[in-house]
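The values are calculated or read from the model by the stated rules, or taken from the named source; none is laboratory data. The structure displayed is predicted, hence computed values, not measured ones. All Cβ positions, glycine included, derive from the backbone under ideal geometry; neighbour counts span all protein chains shown. The accessibility values were calculated without ligands, DNA or RNA, using every heavy atom of the protein model including side chains. Shrake-Rupley method; radii C 1.70, N 1.55, O 1.52, S 1.80 Å.
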Amino acid sequence: MASGFAGSFWSSDYAGGLGVLFGKLQQGVQENQQILTVARMRADAEEVYGNSLASITPATERVSGGFSRDEGASVRKAYEGVRTEMETAAANHRKIGSNIRELVINPFSRWCEAHAARVQNSQDDLQSRIKLHDRQAEAVRKFRSQYYNKCRLVEDLEEEDKLAFQDPQSEAAQSPKVKVPTIKMSEPEDNEEEPIDLGDETYQPDQIKKILSHMLDHIKLGEVKVPILGTYQNCSNGADITDYIQKHMAATSTSYAERIGQDLVNNGFLRLVGNVGNTFANSSRMSYQWKPKVFQITGVPEKKQPLVRAGTNMSTDSFTVDSPVGTVQEYLSGWNPLNNQYPNETPSERLRREAREADDRYKQSVKKLDSLRCNLEEAMIDHLKFMERCELDRLKAIKAVILDFSGALSNVIPSLQSTVDKMMLFQETVQPLGDLRYMLENYRTGPFVPKVTTYENYYNSVDEQTFGVDLEARARSDRKRVPIIVTTILTFLDNHYPDLEGDEARRGIWLVDVPLAQTHNLRASINTGKNFPQEVLEKYDIPIVANVLKLYLLELPDSLVSSHVYEIVKTIYSTTAAETSEETRINVIQSTLGQLRLANIATLDAICTHFTRLIELTSADDTYVTALATALAPCILRPRQESSLTMNERYSYRLIRDLFAHKDAIFGELKRASSLTHSSSGAQRPRAISTDESNRRANYEERHRAIAAQRSPRATSPAPGPRGGSHRRDRSQTRFPVNTSSPTETRRGTRNSLEVPGSVDNSPVNEASDANGTTEAAQAAPTEHPAPSSTRVPLPRKHAGSLARSNRDSTGSLRAVASEDAAPRGVQLEDKPMDD
């Protein structure tokens, strides 16, 4: 997210950062009023001073005699000159007051009112959205509690069913289940065709059908809103029904028509709405609803309450929040003790049905919360950018006001030039961009790191969601070392880099400020928890695809390089960087990364390989690498808790620069440590004590081979050795999987635990060569494997130097090599299932 308001005023509850921002914006509104107060009082003072100067001449004329008697004296001319200067000074000061009002007070006061309204409208809109989001989040928590309680009841019932009828003598023999007798109430059969009396006439069922169909066609149907209870559909008032009966059913009087209407109510065709009782009356204020029975008999479709669905452009009127309790109307409509919707349902079936219904409600509420969160974040981005422009305009307006204020003085009275010069100096010292930067540096609350509320399945399944799910859980569900979403996006980008015109365009896709709404649109398409084809990505621009990968990394519960090692990384760059050599620092970084989970290491390796290839093939300069590392820093490493200190730290940026510069050294050492762990972890893994002495000799020799392998020169890695005793990790937190096969079998049969699909070692060509038998030197001597990669641009390394030296476009180089080596354009990504 670009630096500015849109990337600086975020917090976990959204309201904290916005509260700080709008507090400063309201402070700016008050500053505008202070400037207006200064201008008004100066204009009033100038007018009062001018009027006082103008009153001097009339006061002197009221004195009789004096200079009026001495017309030719030189003293009189001096007096008259002084008096004229007084009148001129009075006119000048009144002119100053008028200029201040016309140039400063009137236009700036109108602008201040509009600015205050803009700030207040944005604050009110965001507050209403946050309240809506918070209410939905509370509903999600309640639905989750209901869902978990239902699941526990189902489990308890299943356990009781298993143990209730178990024979204590034999587990196989079970007593037959005793069927609990149930009492069924006799229900009236709808198929019986009985005549119905309406007034003095008796009608057969087919006649009743025709009459009801004709009524529905000619009587006006509408909605009736009843306070608290809600809105009733398919309603007609008593006056319309009475009028129809008199016209079409030969009712000679209003009382006879009301009698027929009462028979319609008694036979279950109508019911009174909004009042107590079932009396039919000829009144436009009495509303009657046609029951579903009428629509079943006539075959006319029944109009039901439509479902309200929230769109992308959210307003407070169009969104409704889920309620775990439900409306009073739903509660009253469900209270029907004589009519059970599931008459033959057993208690276990009812509990399972209620668990499924609770699960569906919980799922839907989580989806609605996610939609509300996305809309809230989009609105926040738009409002924050708009407020940044408004604040910058306010500072520029203040600068213009000071300039106009000084102009109103300097154009009238040259004697105030020194004061004007000082005021001009003051207006020159106003730096809008500097003040805006000062505000960001001193009052920002945190960068854009969205917090996703994920659907937590009771049985720990992560197949419903991709974004916001733990990286290791996502990789384990995909049965890959690197989550499929990462490899798919990197593969797509490598395939489409040659389609872009020029290296500048290829490098720029990672630095483009993509609108969050477009990124959320693509996120919604692939946030299914399942694999998706690359055709989905083809519909979007390449910068949007790149930005959705950054959004995926930002929405992880923990950063790719875990926040638990943030303090270690901080220590590396605050102490060892200045006191030790670069090689030692790289070794410490490699040892620190070795503490991460395997999925995190493999994913980090894949991403670093992609960017180092991009930097190398497009001949990127240091300015681009700096901008790229700055943009990726919050995606790779974040502190556990943002504070005013961590927001100004650059340790994440420095770590990414080292990963770019020393990728082969860092991840190559991790690969070698992984291979060694594969060969020796079988002896380190705690197992039960065996009393079998048949394999004692073989186990003894294997143990010595493992000790010899650890003492070999390749085992001098600074990676942390195996821990024992109380520091042993839990098996779910182990860095590398256990593999008891020999190093030769590991090298030939399976890939290393840190091998990422697309590396040179795991390509189908190398596997085929190993299967057919290569040179003995290649199989015996440990080779230096290149760094794992999730992407591979089809450009051999021998051409990389010529590409950097020449001025040709990298697309031309890519296509020339592709035509020369007859290799397909793009990447060849291959990932094997996890061997856990």
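Debye-formula intensities of the stretch 522-610, expressed as log10 I(q)/I(0) at q = 0.13, 0.20, 0.21 Å⁻¹, are -0.60, -1.02, -1.08 (one equal scatterer per alpha-carbon, no solvent).
Would you calculate the convex hull of the Cα atoms in the stretch 459-576 and tell me its volume per residue in Å³?
Working: hull volume 17.0 nm³, N = 118.
With only Cα atoms used, the stretch 459-576 gives 144 Å³ per residue.
Just check the stretch 576-629 against the gyration tensor rule for me: Cα atoms, a ≥ b ≥ c as the square roots of the eigenvalues, rounded for a/c under 1.5, and otherwise prolate or oblate depending on whether a/b exceeds b/c. Note, shape of the stretch 576-629 comes out oblate.
Using C-alpha pairs below 8 Å separated by at least 6 residues, the relative contact order for the stretch 555-639 is 59 percent.
Strictly over 20 Å apart at the Cα level, which of 209/247; 367/550; 131/367; 220/247; 162/363 would you flag in this model?
Working: 209/247 18 Å; 367/550 22 Å; 131/367 17 Å; 220/247 15 Å; 162/363 30 Å.
367/550; 162/363, as the Cα separations exceed 20 Å there.
What FRET efficiency would be calculated for the residue pair residue 630, residue 36, taking the C-beta separation as r and a Förster radius of 35 Å, to the nearest 0.05?
On the way: r = 41 Å, r/R0 = 1.16.
E(calc), rounded to 0.05, equals 0.30.
Modelled label positions at residue 98 and residue 278, each set 7 Å beyond Cα in the direction of Cβ, lie 8.6 nm from each other.
Other residues whose C-beta falls under 12 angstrom from the C-beta of residue 155 contribute a net charge of -1, scoring Lys and Arg +1 and Asp and Glu -1.
Going by accessible surface with a 1.4 Å probe and the largest first, 93, 115 read 93, 115.
Within the assembled protein chains, the solvent-accessible surface assigned to residue 300 is about 50 Å², based on a 1.4 Å probe.
When 220, 303, 291 are compared by accessible area of protein heavy atoms, the largest-first order is 220, 303, 291, using a 1.4 Å probe. Rounded if a/c is under 1.5, else prolate if a/b is larger than b/c, else oblate: which is the stretch 1-158, with a ≥ b ≥ c the root eigenvalues of its Cα gyration tensor? Because a/c hits 1.5 or more and a/b exceeds b/c, the stretch 1-158 counts as prolate.
Solvent-accessible area per residue for the stretch 1-67 at a 1.4 Å probe radius, Å²?
Numbers: 3390 Å² over 67 residues.
Per residue, the stretch 1-67 has an accessible area of 51 Å².
So what is the relative contact order for the stretch 519-662, in percent, with contacts set as C-alpha pairs under 8 Å and at least six apart? Kindly include the intermediate steps, with their values, before the conclusion.
Details: 95 pairs, mean separation 44.6, N = 144.
With pairs under 8 Å counted, the relative contact order is 31 percent.
A simple count of charges around residue 621, restricted to other residues whose Cβ falls under 13 Å of its Cβ and scoring Lys, Arg +1 and Asp, Glu -1, yields -3.
Excluding ligands, DNA and RNA, what is the solvent-accessible area per residue of the stretch 577-659 at a probe of 1.4 Å, expressed in Å²? Please report the intermediate quantities before stating the final value.
Values: 3200 Å² over 83 residues.
Dividing the accessible area of the stretch 577-659 by its residue count gives 39 Å².
Once R0 is set to 51 Å, what does the formula 1/(1 + (r/R0)^6) return for the Cβ-Cβ distance between residue 141 and residue 218, expressed as a FRET efficiency to the nearest 0.05?
Numbers: r = 51 Å, r/R0 = 1.00.
FRET efficiency, residue 141 to residue 218: 0.50.
The candidates 591, 64, 55, arranged from most to least accessible area with a 1.4 Å probe in the full protein assembly, appear as 64, 55, 591.
Under the combined filter of DSSP loop state and at most 15 neighbouring Cβ atoms within 10 Å, the stretch 451-544 retains these chymotrypsin sites (Phe, Trp or Tyr not before Pro): 459. For the stretch 198-242, the solvent-accessible area of protein heavy atoms averages 54 Å² per residue (probe radius 1.4 Å; ligands and nucleic acids excluded). Between the C-alpha center of the stretch 135-165 and that of the stretch 211-252 there is a gap of 45 Å.
Derived scalar couplings between HN and Hα for the stretch 626-633 equal 5, 5, 5, 5, 5, 5, 8, 4 Hz in order, rounded to whole Hz, by the Karplus curve 6.51 cos²θ - 1.76 cosθ + 1.60 (θ = phi - 60°), x for Gly and Pro.
Between residue 528 and residue 44, what is the FRET efficiency for a Förster distance of 60 Å, r being their Cβ-Cβ separation, to the nearest 0.05?
On the way: r = 68 Å, r/R0 = 1.13.
E(calc), rounded to 0.05, equals 0.30.
Each of residue 356 and residue 61 was given a label point 7 Å from its Cα along the Cα-to-Cβ line. The distance between the two points is 10.3 nm.
Multiplying the residue separation of residue 501 and residue 344 by 0.36 nm and subtracting their alpha-carbon distance yields 49.6 nm. Split the accessible area of the stretch 533-671 by element, probe 1.4 Å, and carbon with sulfur accounts for 52%.
Taking all protein chains as shown and a probe of 1.4 angstrom, residue 158 keeps an accessible surface of around 70 Å².
Give the whole-number value, in cubic angstrom per residue, of the convex hull volume spanned by the C-alpha atoms of the stretch 28-110. Numbers along the way, then the final one.
Working: hull volume 6.6 nm³, N = 83.
Cα convex hull per residue, to the nearest whole number: 80 Å³.
Rolling a 1.4 Å probe over the protein chains gives residue 280 an accessible area of about 10 Å².
By the scheme Lys and Arg +1, Asp and Glu -1, what is the net charge of all other residues having a beta-carbon under 14 Å from that of residue 383? Spell out each step's value before the answer.
Numbers: positive: 118, 129, 385, 389; negative: 124, 125, 377, 378, 382, 388, 391.
Residues close to residue 383 contribute a combined charge of -3.
Under 1.5 on a/c is rounded, so check that first for the stretch 491-549, then, if it is not, pick prolate when a/b is larger than b/c and oblate when it is not; a ≥ b ≥ c are the square roots of the alpha carbon gyration tensor eigenvalues. Intermediate results must be reported in sequence, preceding the final value.
Details: a/c = 2.68, a/b = 1.46, b/c = 1.83.
Oblate, because a/c is 1.5 or more while a/b does not exceed b/c.
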